[in-house]
Amino acid sequence: MGKAAQHPSQQFHYIKNRIQMLNQVVSSMDAENVDIQDFNRVLDMIEQLQVKMTRFKKDWEQES
C-alpha cells in the first residue's frame, strides 16, 4: 500500500481503508458457497489488521 504510515492520522486512515477493504471482501462472499479457503482469507486479513493496529498502538503510546 505504498509508503509506511507514521503520523497517527495517516495510520488511522490506513486502518479505515483496510477495514473498508475487509468489509468489501466479506460482503462479496456468498454465505451459501463460502469454503475454508474463503474463511482462511478473511481470517488472514483480520490477523494482518490486528498486527498493524498493535504496531500503531505502540507508536501512539511512545508519542504520549
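What the table shows:
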item: Inter-residue pairs, beta-carbon under 9 Å, first of a type in the set (Asp, Glu) and in the range 20-37, second loosely packed, with under 13 Cβ neighbours inside 10 Å and modelled with pLDDT of 95 or more, 6+ apart; result: none
item: Matching residues, the range 25-43, being exposed (fewer than 12 other Cβ atoms within 10 Å of the Cβ) and among the acidic types (Asp, Glu); result: ASP30, GLU32, ASP35
item: Test: residue in the range 44-59 that is surrounded by 12 or more Cβ atoms within 10 Å (Cβ to Cβ), hydroxyl-bearing (Ser, Thr, Tyr) and under 15 Å from the mean Cα position of the chain (by Cα); result: no
item: Some residue of the range 7-24 being part of a helix (DSSP H, G or I), surrounded by 14 or more Cβ atoms within 10 Å (Cβ to Cβ) and of a type in the set (S, T, N, Q); result: yes
item: Within the range 49-64, tally of residues that are assigned to a helix (DSSP H, G or I) and free of Cβ contacts under 8 Å to residues at least 12 places away in the same chain; result: 8
item: Flag for VAL34 being among the β-branched types (Val, Ile, Thr) and not in a helix (DSSP H, G or I); result: yes
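The values are calculated or read from the model by the stated rules, or taken from the named source; none is laboratory data. Source: prediction; values computed, not measured. Note that each Cβ is placed from the backbone with ideal geometry, even for glycine, and that neighbours are counted across all protein chains shown.
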